[in-house]
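Student: I'd like to ask some things about the structure below.
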Amino acid sequence: MGIEIEDKFDVPPDYAVPDLSKLGEISGPKSYQLVALYYDTPDLRLATRGITLRRRRGGDDAGWHLKLPKAKGVRQEITHPLTRSTKVVPPELAELVRAYTRGAELQVVAELDTRRTVSLLHDGPTPLVEIADDRVKGTVYTKKPDESVASEKTDVVRWREVEAELLEGDQALLAKIGKRLMKAGATPAVAASKLARLLEPPPPAQALTKDGTAGQVIVNYLASQVTALLSQDPRVRRAEEDAVHQMRVAARRLRSALKAFDTVITGTKRVQDELRWLGAVLGEARDLEVIRARFARELAVLAPELVTGPIVARLGEDLLAREHEAYERIKETLSGERYYALLDALDTMTATPRLTKAAAKPAQDKLSDVAAGNWDRVTKAYDTAQAISDLERREIAMHDVRKAAKRARYTAEALQPTLGKSMAKLAKHAAAVQEVLGAHQDGVVAQETLAKEAETARQAGEDTFTYGLLIGLERGTAERAHADFPRVWAETVQAIGKLL
């Protein structure tokens, strides 16, 4: 796996790559013949999302390559050794695009035959940037229902392009190379990849809305969060760092937006329920990951004589084993029909949303009211909690305040690009309330976890001294957050009162 950072340029057939020796030492050129078969579903679900899956022969990186977009000009590349079969995609790679294929067959959709001439810009032994001059012949294929192999569909397309790929240099150097290439007659590529240029896949379906309306803002935001959720799916399947957290955040933001903007888009109750289900599945592994890291930090700063018994193993290895089990349940969920049905519903929601009359109103007017209404929910939840005399029930009710603050924060963050700095400030203040209440809640949950683990250790005849010590530390954390909340709340109410 690697990160591919490159700039691509369209060039005319007679283009001359300029001299770049003033930017570093040049080696090459070397020439290669590259032949790549590209795989996708018949309706190009991968290409539509900017994903390429290919089997390539030739050059110094022959094999299977899966490229997943991360940002403009940046892609995550996952490789697999070359296999003999051209019909069957390696299961390891097919698994990583299931959120897009959803059971549809992967087949050859195109072939690219590229004559590549490569030069390297380097500093001594350190390669900085690779400049590839490609002359490309592309062919689109289709598979007829009664055939077992692909057959040619379109005429051959030919073109030339130049790529500058960052190796161990920096973005500033890449930019300098780009300027020199363009000065010589190159232009920024109109397509993100060779395959996109050849196939010209349509963008993901999205409802047409009038510029400047509330409907446009909300549909655009929902589409961006669907993309964010999908982009984390392959990372979760590979158990990459922070992937579960980011996927759960995307699910939460979607669900929060559908609740917050229910006067603009309706008929989403079923999708909300399924997003809550997905968040719960993801949450099990994420919560174990967080609390395991929390205990590891606390144990690391204790004096060695204060750490007694096999507590490090119990709070580390045991929790990690449970985390791995939770990951297996996540992977099973991500390969199930219920998950695919949710993704289909999200696609339908952004392509053909049930918009209300309010969606046609100017975003500035309609959505400012939505943001204010979501903060009102926070204050009402707070007033309700404070009116409860029983302390235990009041603490439970304060959890509703935290959830309302999170929704107000997500709503403000969604509106910040449209409504400006006031929403950024509202999000920051709502986050302060969420965080202080979260610190208290996390401390309480940690105490409960420690108490259960301590009982297990006691029954096994182990020393439980350190468990008690950690419980005391967590109690202190929770109590400090509890004591700090009135100040944070008063400051937040005052600040938001001036914004809304």
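The values are calculated or read from the model by the stated rules, or taken from the named source; none is laboratory data. Since the model is a prediction, treat every value here as computed from it, not as a measurement. All Cβ positions, even for glycine, are placed from backbone atoms using ideal geometry, and neighbour counts span all protein chains on display. Side chains are part of the model used for accessible areas, which takes the heavy atoms of the whole protein and leaves out ligands, DNA and RNA. Shrake-Rupley method; radii C 1.70, N 1.55, O 1.52, S 1.80 Å.
Student: If you add up the charges near Arg322, with Lys and Arg at +1 and Asp and Glu at -1, over every other residue whose beta carbon is less than 13 angstrom from its beta carbon, what do you get?
Tutor: Around Arg322, the surrounding residues sum to -4.
Student: Hey, another quick one. When only Cα pairs under 8 Å and 6 or more residues apart are kept, what is the percent relative contact order across the chain?
Tutor: 13
Student: A 27 angstrom limit on the alpha carbon distance is what I want to check against. Which of Lys210/Lys406; Lys361/Lys421; Lys269/Lys498; Lys331/Lys428; Lys72/Lys176 exceed it?
Tutor: Result: Lys210/Lys406; Lys269/Lys498; Lys331/Lys428 exceed 27 Å.
Student: Where the centroid of each part is defined by its Cα atoms, how far is segment 342-366 from segment 408-444 in Å?
Tutor: Each part's Cα centre sits 23 Å from the other's.
Student: Please report, as a whole percent, how much of the solvent-accessible surface of the chain comes from carbon and sulfur atoms (probe radius 1.4 Å).
Tutor: Exposed carbon and sulfur together represent 52 percent of the surface.
Student: Taking the solvent-accessible surface of protein heavy atoms with a 1.4 Å probe, what is the per residue accessible area of the chain in Å²?
Tutor: The answer is 50 Å² per residue.
Student: Now a separate question. Viscosity 0.692 mPa s, temperature 37 °C: Stokes-Einstein D of segment 294-341 from its Kirkwood Cα radius, in µm² per second?
Tutor: Here the translational diffusion coefficient equals 252 µm²/s.
Student: Would you work out which of Leu20, Val157, Ala228 lies farthest towards the positive end of the dipole of the chain, given +1 charges on the beta-carbon of Lys and Arg and -1 on that of Asp and Glu, about the Cα centre?
Tutor: Val157
Student: Can I ask one more? Give me the Kirkwood hydrodynamic radius of segment 371-500 in Å, from all C-alpha pairs, to one decimal place?
Tutor: Result for segment 371-500 stands at 16.2 Å.
Student: Provide, in order from the shortest bin, the percent of all Cα-Cα pairs of segment 268-395 in each 5 Å bin, continuing until the bin that contains the maximum pair distance.
Tutor: Percent of pairs per bin, in order: 2, 8, 10, 9, 10, 12, 13, 14, 10, 5, 3, 2, 1, 0.
Student: Mind grabbing the base-10 log of I(q)/I(0) for segment 1-85 at q = 0.22 Å⁻¹? Debye formula, identical points on the C-alpha positions, no solvent, two decimal places.
Tutor: Here log10 of I(q) over I(0) equals -1.25.
Student: How big is Rg to Rh over segment 1-145, alpha-carbon atoms, Rh as the Kirkwood inverse-mean-distance radius?
Tutor: Reported Rg/Rh (Cα atoms, Kirkwood Rh): 1.00.
Student: Against the globular-protein guess of 2.2 N^0.38 Å, express the Cα radius of gyration of the chain as a ratio, rounded to two decimals.
Tutor: Relative to the rule-of-thumb radius for its length, the chain sits at 1.17.
Student: What is segment 177-278 by shape, rounded, prolate or oblate, if you read a ≥ b ≥ c off the alpha carbon gyration tensor as root eigenvalues and call it rounded for a/c under 1.5, prolate for a/b larger than b/c, and oblate otherwise?
Tutor: Oblate shape, in that a/c is at least 1.5 and b/c is the bigger or equal ratio.
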